[in-house]
Amino acid sequence: MLYCEKCNILVKCEKCPLCKNMNLREVKDIDFCYFTSIGTIHYEIFKNALKKEKIDIVGIPYYTRPVTLSSAGRAQVRRVYVRYKDFEKAKEIFNMFFGNLIK
Ligand SMILES: [Zn+2]
């Protein structure tokens with residue numbers, strides 16, 4: 001499996017589908033890979049479940065609506081990343097909690 005360092009995603013072909021980067025490398029176990037985007041409430045549940053399994057997780061907040069004074073600091077969605085070595089296990093746990101939300 002290949003990995004795009006710019007987008008932090010797993011890539012199945014020789015070109016990154018997001019940034020068109022062709023300078024990809026083999027993924028390493030410790031690489032954080034884009035997993036999914038979920039709401040902050042689901043993220044908290046998922047994070048706690050992964051913590052119990054000692055799986056590292058990163059959730060980057062991002063805004064689905066324009067940032068205003070009242071929405072600042074209250075992102076509703078997280079882009080979730082887990083290490084490549086934990087990817088399959090994270091998927092299992094995710095499906096246990098959220099069924100088929102993930103594509
Ligand atoms: Zn890319």
Exercise for the section: Restrict the check to segment 72-81 and report whether at least one residue is in a strand (DSSP E or B), among the hydroxyl-bearing types (Ser, Thr, Tyr) and touching a residue at least 12 places away in the same chain (Cβ under 8 Å). Expected result: yes
Completion exercise
Restricting attention to segment 1-34, the residues that are within 15 Å of LYS85 (Cα to Cα), away from the ligand (no atom under 12 Å from the Cβ) and without any contact (Cβ under 8 Å) to a residue 40 or more places away in the chain number exactly 1
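Here's the yes/no breakdown for (1) buried (at least 18 other Cβ atoms within 10 Å of the Cβ); (2) within 25 Å of PHE97 (Cβ to Cβ); (3) at pLDDT below 95; (4) more than 16 Å from the chain's Cα centre (by Cα):
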site: TYR3; (1), (2), (3), (4): yes, no, no, no
site: CYS19; (1), (2), (3), (4): no, no, no, yes
site: ILE30; (1), (2), (3), (4): no, yes, no, no
site: ASN48; (1), (2), (3), (4): no, yes, no, no
site: LYS51; (1), (2), (3), (4): no, yes, no, no
site: LYS54; (1), (2), (3), (4): no, yes, no, yes
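The values are calculated or read from the model by the stated rules, or taken from the named source; none is laboratory data. What you are looking at is a predicted structure, and each value in this text was computed from that prediction instead of being measured. Glycine gets a Cβ as well: all are built from the backbone with ideal geometry, and neighbour counts include every protein chain shown.
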